[in-house]
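To start, the structure itself, in structure tokens.
The values are calculated or read from the model by the stated rules, or taken from the named source; none is laboratory data. Given the structure is predicted, the values throughout are model-derived calculations rather than measurements. Please note: Cβ atoms are built from the backbone with ideal geometry, for glycine as well, and neighbour counts cover all protein chains shown.
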Amino acid sequence: MDNELRLNQSNLSSTTQSQDVRDLFAMTFMTYHLSENYKVIYKKDAGCAIPKKLIELYYKFINPDYNNMIYSFKNKYISNEILVEKNDTKEQRKGLNNVYQYIQDYDFNEKSLNLFIASLEINSILWKPTDDLNTKDLETEITKLREEMETLKKEAKSERNLEKYQRAQKLEKEIKAISYKAKIGGQLRNNNNDDVVRLNKVDIDIPSPEEALKLMNEYLNKDKVEEFTDVFKSSDIIEYISYCVKETTKLIKIQPFFDGNKRTFRALLNLMFKAKGLPPVYIRTGEREAYKKALYNAMKYEDYSYIIDFYLFKICDSIYELDVEPYKEKRFQENPKLKERKQSHPLER
């Protein structure tokens, strides 16, 4: 299937539900989208009853397939995701694209999901292009220093110059030190890192590197694995979403990796969503402050309600943009008269 067709894939188009049911879902999410744009839902639905019910109905009746939405997500929203942390380099953008290829290729039938192992793989993939570039630059620097060292050794020998010999020895030690520089990807935080992170202009205490490793290792324990398995098997999709958001937010607070923790665990969240066929979510640049405020409440006060509510709305946003909009465009293509009358047709009211 070519990329153009993949971008137009839709769960609403492929479901076995009748055309009327498909159109009803489309109209319902379009109404949600209009209300959300005007902040009506945010103001009048503090308990998130509307997004919860929309997600429950969508999940129950449409039985979504993650792969029907990942192409549109990668095509449109990788740039939004990477700008949340204002880390927009060519290498980091490539790394994030590679992360979502990893998520797209992840086969839950062949590979069980462990949160520690998956996050380690994601962080390594995220930083690989940057690490490759740094390694290349490092090799250039080492080559230059080695040439200088060899020249000094030759001159020291021919001139019997002790000072040049000592400078050559110093360069040799510097080359060895540079050669042992650690890569970023997959590297756990060490004692050279601060035990605080700054969020909303406030320092938040985080576990020490030793404690962070201990907490991460708990995700390898049988009890924690069974905990995730039980939630995964539950038919309560809102419970599953809440669990995923809470656990990945806890992992962000642990800050186990040298760098890229928030990007790593937001990607892990999307991998966990894929396990249930839920759409990948993204954070627009304009939503950065709302996200960080919700994250702050979770990390500072262990109040996860704001961050869970934030993601419930974001899932509805993704359903609309990654599923309903492609469905609507396909309906117009199938029946051009609908597009001609779109101002009066229910799909465009």
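Looking only at residues that are buried (at least 21 other Cβ atoms within 10 Å of the Cβ) and aliphatic (A, V, I, L, M) in segment 97-135, which one is nearest to Pro280 (Cα to Cα)? Looking at residues that are buried (at least 21 other Cβ atoms within 10 Å of the Cβ) and aliphatic (A, V, I, L, M), I get Ile103. Assessment of segment 297-313 against the conditions (in contact with a strand residue (DSSP E or B) (Cβ under 7 Å, 6 or more places away or on another chain), modelled with pLDDT of 90 or more and part of a helix (DSSP H, G or I)) yields at least one matching residue.
Looking only at residues in segment 226-249 that are among the polar types (S, T, N, Q) and under 22 Å from Tyr58 (Cα atoms), the one that is modelled with the highest pLDDT is Ser242. What do you reckon, is Ser35 surrounded by 13 or more Cβ atoms within 10 Å (Cβ to Cβ), in contact with a helix residue (DSSP H, G or I) (Cβ under 7 Å, 6 or more places away or on another chain) and farther than 26 Å from Gln333 by Cα? Yes: the conditions hold for Ser35. Take the residues of segment 249-295 that are within 20 Å of Tyr306 (Cα to Cα) and acidic (Asp, Glu): which is surrounded by the fewest Cβ atoms within 10 Å (Cβ to Cβ)? Top of the filtered list is Glu289. Within segment 182-202, the set of residues being modelled with pLDDT of 85 or more and not in a loop (DSSP other than H, G, I, E, B) comprises just one member, Leu188.
crowded, with 21+ Cβ neighbours inside 10 Å, farther than 19 Å from Lys39 by Cα and either at pLDDT below 95 or out of contact with any helix residue (DSSP H, G or I) (no Cβ under 9 Å at 6 or more places or on another chain) (or both): does that describe Pro346? The answer is no for Pro346. For Ala156, work out the one condition from (1) farther than 30 Å from Asn98 by Cα; (2) surrounded by fewer than 15 Cβ atoms within 10 Å (Cβ to Cβ) it doesn't fulfil. Result: Ala156 fails condition (2) only. Whenever a residue of segment 236-254 is within 11 Å of Arg266 (Cα to Cα), its partners that are part of a helix (DSSP H, G or I) and charged (D, E, K, R), lying with C-beta atoms within less than 7 angstrom and at least six residues away or across chains, give the pairs Ile252/Lys262. Among the numbered criteria (1) within 27 Å of Pro129 (Cβ to Cβ); (2) in contact with a Lys or Arg (Cβ under 8 Å, 6 or more places away or on another chain); (3) aromatic (Phe, Trp, Tyr), which one does Tyr219 miss? Just one mismatch for Tyr219, condition (2). If you go through segment 203-217 one residue at a time, do you hit one that is touching a strand residue (DSSP E or B) at 6+ places or on another chain (Cβ under 7 Å) and assigned to a loop (DSSP other than H, G, I, E, B)? Taking every residue of segment 203-217 in turn, at least one turns out to be touching a strand residue (DSSP E or B) at 6+ places or on another chain (Cβ under 7 Å) and assigned to a loop (DSSP other than H, G, I, E, B).
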